[in-house]
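A.B. asks: Below is a structure I'd like to ask you about.
Please treat every number below as a calculation from the coordinates, not as lab data. Because the structure is a prediction, the values reported are computed rather than measured. Don't worry about glycine lacking a Cβ; one is built from the backbone with ideal geometry, like all the others, and counts go over all protein chains shown.
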Amino acid sequence: MDSRSGALPLSGLPPTSGHAGIWRFSVPPVEHAVPHVRHAVRDLLRRQQAPLTADRLYGVLLILSELVTNSARHAALLTTEIGVEVGFDAYWVRLSVEDGHPYRPRALDVAPDQHHTSGRGLLLVKATALEAGGDCGVTATATGGKVVWAALPVDRV
């Protein structure tokens with residue numbers, strides 16, 4: 001496990017195609033940043049030739065959209081910037097979204113097939129990650145905020 005994000009580690013081995021790496025950037029905590037983040041990450045993964053089928057890329061972008069939206073909606077009062085980290089290697093693609101709010105979302109602790117009136121976006125994140133053979137979670141930061149992350153295996157394309 002990566003001690004900073006709690007996500008599955010990036011192995012550091014050469015990718016099957018393109019280049020492996022970790023990219024970090026920040027955006028303001030506003031909902032209209034979500035499509036910009038999604039498009040930037042889509043273009044990054046394509047440019048770096050991440051080994052993802054169209055279906056897996058769709059799942060990655062869906063998860064990313066949900067995580068950034070949640071930070072913009074629920075953490076904006078305590079967050080000056082939302083941190084986004086995208087990493088991939090020959091085995092995993094990992095997404096992490098950091099904000100300054102200490103609240104740990106409970107939806108990641110319940111089974112995706114349980115019915116709840118709130119937190120459905122995070123249930124979708126969890127279901128998408130687990131269905132792909134990955135995982136997701138949340139960890140506290142040293143500054144009192146949190147990092148919500150998801151890791152999915154890459155495809156052998």
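A.B. asks: Computed over the Cα atoms, what is the radius of gyration of region 17-105 divided by 2.2 N^0.38 Å, N being its residue count?
C.D. replies: Expressed relative to 2.2 N^0.38 Å, the Cα Rg reads 1.08.
A.B. asks: Also: Describe numerically, in nm with one decimal, the distance between label points set 7 Å from Cα along Cα→Cβ at ILE22 and at ARG104.
C.D. replies: In this crude label model, ILE22 to ARG104 measures out at 2.2 nm.
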